[in-house]
Amino acid sequence: MRWLTVLLGAAILAAIAAVVVVLPDNEPISSDTRASAVPSTSKKPLPQPTVKEYKDACGTFDLQDVKPYAVTGYWITPSSNPCTWRHQMEEIHAAGGDTVIRIGYGLQYRTVEDGRILTRDGEVDARYTDCEGCWQEAEQDLRQANPDNRIGRTFVYRTDESFGPGLLRCPQMERAIRHGKRVYYRLLAAPDGSDDATCDFTSTGRAYDLILVAGSSEDSLTELLRLGDIFGVQVFPSLPMAPRDSAVATRASSKHLPVLVTLTRRILQDYGDRFKDRASLGGFYQPFELQLGATMATNPTLQVYSEQHTIIEQELPGKPILVSPYMDARKRVPFGQTPKQVAEGFKALAKSGVGIIAPQDSRGTGKVGLFWPDQRDNEVDPRLRPVVGETTYDTAYHGSTRDYYREMALARELLVEEGFEVELWANVESFEPSAVTPCQPQGTRGATDKKRLDAAVAMTGRYVQKVVSYMWSDFFTCGDTPLKDQVMADHLRPIAVDAVRTSPNEEDGVEIRGYNLERGGTITLTWPGGSAELLINATDAPNEAMADRIVVAWVPFDWSQVPLGVWVSVGVRSPSGLEATEPLHVRVSV
């Protein structure tokens, strides 16, 4: 018996896993069709706006005029201006965003000279000059408790947060030191990370780690969570980032892991005291980036994720860690990874305890390309040339964005069956590799456009539970026509993410999944020598775990009129005439 198979955005591979076997609804589902059918493991109600309009010293904020887009979460950077937070929340909410992820700071080992904290370049660090006596006072207090006590290592951590008493475990040795708008927190901990709750500094003389936290008199997280409650946005604050290995900067330092564990525990204990029941606290972001690949299981940074996951489960159970590793699909670099190698890295990450893996699509950096199988011999997008040169997609990359997310979705399916709770999100990068006018003062990245962002959503949306983007600050707000304005003005344009042949009630047809599919709209199929326009009469919610706002439309169509082996372009048009800028590419074969 002959069956039609549809290849959806996969590279032309010999492996059977590369194809989507499209069967009637009552038949077993193929591996690729099941890739996103696994239920979302941590789906929780999101906070909802508490008012219709909000007023404060920064202005009046309208919470009703929402123009939702496929991207529902954004990274934001720290700001010293409280009105910046408010305006960002308003803009993100207006674009249909329900999630913000905070960029954070890293724990750093430092040397000390005459009690003064030095930078890594050997200069006196101005951030700690207001606390010049802090090191000597800590050493003096330790020696008063036991003459053999001393400070063995010194670490610093900067933040715009202000912590409560939960940060300080041993008040006789640890304290908050206020100086103007800055608050320094002096923590003393055992180098092995044990963080003894008895606070016995007298019985045995030993070396201690000094952790000097440069904080703020005003707590940015309290303000972000308050705004999250008002605007209906969940917040993922940043966990402390691990110190880097001095020999391999892409890895976390194993020898400094115990002190990171101590700082993480203290911060999360304080959060547990103050924010345990806040609906706007969505989880935590670990900003230490890794490359997804087959050797990830041996990377010591996974121990950081594992240790921090354990602490979160103890202090704030149910709040997931979110990580956003990057991919590199380039063939001409020795560290380029295939889709299956990336899937192995995904498995290793999930087994470390992280609850949300949001791989960077890596199109913004040029390390992965957006292309369909029948476009492999096409010249790369000119905006990618600074990274891969003037070449074809096939020469430049091991696979396309869709290939990588498909393999990770299949890996997630297996992990969930094994009992691991993990979600796959897509982090679609909202920038280009370079530009004449960069979006950031210190960088080279340039602005992209909504058409390219729509293409990234079309490539990834089939396989993920949520689409987020790095980042709102700068990349959505730079340029003569900022990306945020493009998104708001064009938010009704449809985006198709999937097309399969189905035959409910033995009637042949095509099922489309995507955003802004509406009754009265049109599905357009185009193949060499033929085309068809199919009217959408109804839409419904998908019967599997897909990103919010994705709907399903089925229309009858006789596939026998399409020659076997040809590529078919699947487009979507809204009732108002808006067409998806990125059509799907499918192929019918035996």
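Here are the numbers for the structure shown:
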quantity: Dipole-positive endmost among LEU239, LEU46, THR524 within the chain (Cβ charges, Cα centre); calculated: LEU239
quantity: About the Cα centre, charge dipole magnitude for the chain (Lys/Arg +1, Asp/Glu -1 at Cβ), debye; calculated: 720 debye
quantity: Sparsely packed GluC sites (Glu not before Pro) within the stretch 421-497, loop by DSSP, other Cβ within 10 Å at most 15; calculated: GLU421
quantity: Portion, in percent, of the accessible area of the stretch 138-283 that falls on carbon or sulfur, probe 1.4 Å; calculated: 48 percent
quantity: For the chain: accessible area per residue (Å², 1.4 Å); calculated: 40 Å²
quantity: Amide H partners (placed H, <5 Å) of ILE321, local residues excluded; calculated: PHE284, GLY355, ILE356
quantity: Length released on extending from THR60 to ASP200, taking residue separation times 0.36 nm less the Cα-Cα span; calculated: 45.1 nm
quantity: Hypothetical label at VAL436: residues of the stretch 477-516 whose amide nitrogen lies under 18 Å (7 Å Cα-Cβ projection); calculated: 478-482
quantity: Rounded to whole Hz, the Karplus (6.51, -1.76, 1.60) HN-Hα couplings of the stretch 319-325, x for glycine and proline; calculated: 8, x, 8, 10, 10, 9, x
quantity: DSSP bridge orientation in the chain - percent antiparallel, rounded to nearest 5; calculated: 65 percent
quantity: Relative contact order (%) - the stretch 480-548, alpha-carbon pairs under 8 angstrom, separation at least six; calculated: 21 percent
quantity: Solvent-free Debye scattering, log10 I(q)/I(0), computed from the Cα coordinates of the stretch 278-404 at q = 0.09 Å⁻¹; calculated: -0.31
quantity: Label point at ASP548 placed 7 Å out along Cα→Cβ; residues across the stretch 259-283 whose backbone nitrogen lies under 13 Å; calculated: 280, 282
quantity: Whole-number Å³ per residue for the convex hull built on Cα positions in the stretch 264-340; calculated: 108 Å³
quantity: Long-range amide H partners of ILE177 with built H, under 5 Å; calculated: TYR184, TYR185, ARG186
quantity: 14 Å Cα-Cα reach of LYS347 towards aspartates and glutamates, excluding residues that sit fewer than 8 places from it in its own chain; calculated: GLU407, GLU413, GLU417, GLU418, GLU421, GLU423
quantity: Check: the stretch 126-232 dipole with +1 on Lys, Arg Cβ and -1 on Asp, Glu Cβ, in debye; calculated: 220 debye
quantity: Filtered trypsin sites (Lys or Arg not before Pro), the stretch 172-257: DSSP coil and at most 15 other beta carbons within 10 Å; calculated: LYS181, ARG206, LYS255
quantity: Candidates per GluC sites (Glu not before Pro) in the stretch 479-581, loop by DSSP, up to 12 other Cβ within 10 Å; calculated: GLU507
quantity: Cut-off of 10 Å, at most 15 other beta carbons, DSSP loop: longest stretch of the chain lacking such chymotrypsin sites (Phe, Trp or Tyr not before Pro); calculated: 4-334
quantity: Top positive-direction residue, dipole computed over the chain with Cβ charges, set ILE357, PHE476, VAL248; calculated: VAL248
quantity: Gain in span if fully extended, SER254 to SER80, counting 0.36 nm per residue against the direct Cα distance; calculated: 59.3 nm
quantity: Cα centroid separation - the stretch 208-256 against the stretch 75-149, whole Å; calculated: 9 Å
quantity: Isotropically averaged projected area of the chain, using the convex hull of Cα atoms (one quarter of hull area), nm²; calculated: 28.6 nm²
quantity: Spacing of the two label points (7 Å from each Cα toward its C-beta) at ALA190 and ALA279, in nm; calculated: 4.2 nm
quantity: Accessible area (Å², 1.4 Å probe, nearest 10) - THR522; calculated: 20 Å²
quantity: Charge dipole (debye, nearest 20) of the stretch 482-529; +1 at Cβ of Lys and Arg, -1 at Cβ of Asp and Glu; calculated: 220 debye
quantity: Mean Cα-pair separation over length for the stretch 518-590, i.e. relative contact order, pairs under 8 Å, 6 or more apart, %; calculated: 34 percent
quantity: Inter-label distance, nm, simple model (7 Å from Cα along the C-beta direction), LYS67/THR295; calculated: 4.7 nm
quantity: The chain - percent relative contact order, Cα under 8 Å, separation 6 or more; calculated: 15 percent
quantity: Dipole of the stretch 61-136 [Lys/Arg +1, Asp/Glu -1 at C-beta], most positive-end residue of ALA94, THR84, VAL112; calculated: ALA94
quantity: Cα convex hull volume per residue for the stretch 445-491 (Å³); calculated: 83 Å³
quantity: Of the DSSP H helices in the chain, those whose Cα atoms cover at least 27 Å axially and whose Kyte score averages 0.0 or more; calculated: none
quantity: Across LYS451/LYS484; LYS351/LYS466; LYS255/LYS340, pairs whose alpha-carbon gap is larger than 23 Å; calculated: LYS255/LYS340
quantity: Amide H contacts under 5 Å for GLN440, placed H, 5+ residues apart; calculated: ARG445
quantity: Compactness relative to 2.2 N^0.38 Å, alpha carbon Rg of the stretch 369-502; calculated: 1.16
quantity: Kirkwood-type radius of the stretch 46-165, with distances r between different C-alpha atoms, in Å; calculated: 18.5 Å
quantity: Label-point gap, in nm, between GLU417 and ALA247 - each point 7 angstrom along Cα→Cβ; calculated: 4.0 nm
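The values are calculated or read from the model by the stated rules, or taken from the named source; none is laboratory data. From a predicted model like this one, the values you see are computed outputs, not experimental measurements. All Cβ positions, even for glycine, are placed from backbone atoms using ideal geometry, and neighbour counts span all protein chains on display. The area values use the complete protein model at the heavy-atom level, side chains included, leaving out ligands, DNA and RNA. Shrake-Rupley method; radii C 1.70, N 1.55, O 1.52, S 1.80 Å.
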